[in-house]
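Engineer: The following block contains the structure, expressed as structure tokens.
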Amino acid sequence: MKALRKTRPERGAELLDIPVPAIGPTDVLVRVKAAAICGTDIHIYEWNEWAAQRIKLPMTFGHEFCGEVVEVGEQVTHLQPGDLIAGETHIPCGKCFQCQTGNQHACESMAIVGVHTEGVFSEFASIPAVCAWKLAPDTDPELGALLEPMGVATHGLLVEPVDGGSVAVIGCGPIGIFAAQIASALGAYPLFVLEINPYRLAMAQRIVPQAVGLNPAKDDVVGAIREATGGRGVDISVELSGSVPGTRLAFDLVCVGGRVSLVGLTGDPVTFNTSDDIIYKEVTVKGTTGRIMWKTWWQMDRLLAGGRLDPREVITHRFSLAEYAEAFDLARSGKAGKIILFP
Ligand code: ZN
């Protein structure tokens, strides 16, 4: 089979012919129908410090996918060949304290598909059956491939109810746009989308026209949002830019008694005055990682069943796996939404 492999500790990847993987007793073999490029994949492709510290070469990367089960391990009873699945990327151990207390997504010995194990930028992939979310057979594979990143937005936004309050989404990459779509579907008002990249801000406003778009590099974001919220600020700010200024802004924008959801990873320390930023304002700060297994997936199931939003609007480009170089150059440029690869 064809597989997009990372073979050398440098920028790039190679499309190679390798054997179809054998599966273990608790795995499923999947024919990959669509896979999406994530920021993590760009780190791996570019081979930055983050990737160099984590990735063991050689390996196939990629982890956001939808595919058809073609073979199941002998201990797998809930899936059959022919089932269409989307991939959860947390691989929980099932035995630790967190796994046994409902936090499988925060497992103490977590592995991640396509980071710690062989990924899905390939014609077939062996996946632990515990990572398979069964889809209705007529689901569009492109939609299935977006559920993993949409789940990051869903968990970050819905870790507590939205209740129609005002929401600011900071950072309009695909996950930020998903968060804005969900907030809009749940009646958030007013809804703000903040982004310094003009291409992405325009994309967010096109997909979520109910949202007010602001560019923190140009606009007086704090002033504009205070004015639109009776001087109070937003009930919920969701940080998805993964930047220090964006994280700082999440606290500047939130109202007294509001909630800050931190999802984007800055990698650098952020300075707070806990008295003014959190204590006197009685702000709730929630960090979220990935998706709750499987509460988040059920939440998405309900959101999508009603037709209130379509995450596929975030897809801007589609490539065959052989066109990976063009796809990754485009992904890095920042002038793309979600990019789908077809193995
Ligand atoms: Zn565990």
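The values are calculated or read from the model by the stated rules, or taken from the named source; none is laboratory data. Being a predicted model, the structure only gives us computed values, none of them experimental. Neighbour counts run over all protein chains shown; Cβ positions are idealised from the backbone, glycine included.
Engineer: Restricting attention to region 313-343, which residues are charged (D, E, K, R) and either in contact with a Leu (Cβ under 6 Å, 6 or more places away or on another chain) or under 16 Å from Ser122 (Cα atoms) (or both)?
Structural biologist: As a first pass, look at region 313-343 and keep what is charged (D, E, K, R): 313, 318, 323, 326, 329, 332, 335, 338.
Arg318, Glu323, listed by residue number.
Engineer: Pairs needed: first member in region 271-297, under 16 Å from Ser237 (Cα atoms); second member anywhere, loosely packed, with under 15 Cβ neighbours inside 10 Å and not aliphatic (A, V, I, L, M); C-beta distance under 6 Å; at least 6 residues apart or different chains.
Structural biologist: Filtered contacts from region 271-297: Glu282/Gly257.
Engineer: Could you grab me the full set of residues in region 91-102 that are surrounded by 15 or more Cβ atoms within 10 Å (Cβ to Cβ) and more than 6 Å from the ligand (Cβ to nearest atom)?
Structural biologist: Ile91
Engineer: Also, quick follow-up: Would you be able to tell me the number of residues in region 166-196 that are touching a strand residue (DSSP E or B) at 6+ places or on another chain (Cβ under 8 Å) and more than 18 Å from Arg308 (Cα to Cα)?
Structural biologist: 10
Engineer: If a residue has to be charged (D, E, K, R) and either on the phi > 0 side of the Ramachandran plot or modelled with pLDDT under 95 (or both) to count, how many in region 303-330 make the cut? Break it down into steps so the answer makes sense when it comes.
Structural biologist: Let us first name the residues in region 303-330 that are charged (D, E, K, R), namely 308, 310, 312-313, 318, 323, 326, 329.
After this cut, where a residue has to be either on the phi > 0 side of the Ramachandran plot or modelled with pLDDT under 95 (or both) as well, the list is 308.
So the answer is 1.
Engineer: Give the residue, chosen from Ala22, Ala13, that is on the phi < 0 side of the Ramachandran plot, of a type outside the set (Ser, Thr, Tyr) and surrounded by 17 or more Cβ atoms within 10 Å (Cβ to Cβ).
Structural biologist: On the way: Ala22 fails: surrounded by 17 or more Cβ atoms within 10 Å (Cβ to Cβ).
None of the other options fit; the residue is Ala13.
Engineer: Turning to a different aspect of this structure: Is it the case that His105 is more than 16 Å from the ligand (Cβ to nearest atom) and modelled with pLDDT of 95 or more?
Structural biologist: On the way: more than 16 Å from the ligand (Cβ to nearest atom): no; modelled with pLDDT of 95 or more: yes.
No.
Engineer: Right, something else. Please report, ordered by residue number, the strands (runs of 3 or more DSSP E) entirely within region 1-89 with at least 3 residues that are closer than 25 Å to Leu135 by Cα.
Structural biologist: Working: elements: 2-6, 14-17, 27-36, 64-72, 84-87.
In region 1-89, the matching strands (runs of 3 or more DSSP E) lie at 27-36, 64-72, 84-87.
Engineer: Tell me yes or no: at least one residue of region 68-88 is within 15 Å of the ligand (Cβ to nearest atom) and more than 21 Å from the chain's Cα centre (by Cα).
Structural biologist: Step one: filter region 68-88 for residues within 15 Å of the ligand (Cβ to nearest atom), giving 88.
From what's left, more than 21 Å from the chain's Cα centre (by Cα): none.
No, region 68-88 contains no residue that is within 15 Å of the ligand (Cβ to nearest atom) and more than 21 Å from the chain's Cα centre (by Cα).
Engineer: Right, here's the next one. Conditions: (1) away from the ligand (no atom under 16 Å from the Cβ); (2) in contact (Cβ under 8 Å) with a residue 12 or more places away in the chain. Val130 meets all but one. Number of the miss?
Structural biologist: (1)
Engineer: Okay, moving on. Filter region 298-314 for residues that are in contact (Cβ under 8 Å) with a residue 12 or more places away in the chain and over 23 Å from Ile207 (Cβ atoms) and give the result.
Structural biologist: none
Engineer: Contact list please: Cβ distance under 9 Å, first residue in region 81-95 and under 15 Å from Ala125 (Cα atoms), second residue near the ligand (Cβ under 9 Å from one of its atoms), pairs at least six apart or on different chains.
Structural biologist: Listed by first residue and then by second, the contacts come to Ile91/Cys107; Ile91/Met110.
Engineer: Right, something else. Could you pull out the residue among Thr266, Thr271 that is closer than 30 Å to Gly62 by Cα, surrounded by fewer than 19 Cβ atoms within 10 Å (Cβ to Cβ) and not assigned by TED's automatic domain parsing to the domain that holds Asn103?
Structural biologist: Values: Thr271 fails: closer than 30 Å to Gly62 by Cα.
Just one listed residue meets the conditions, Thr266.
Engineer: Take the residues of region 108-122 that are over 29 Å from Asp138 (Cα atoms) and of a type in the set (A, V, I, L, M, F, W, C): which is farthest from the ligand (Cβ to nearest atom)?
Structural biologist: Once the filter is applied, the top-ranked residue is Val115.
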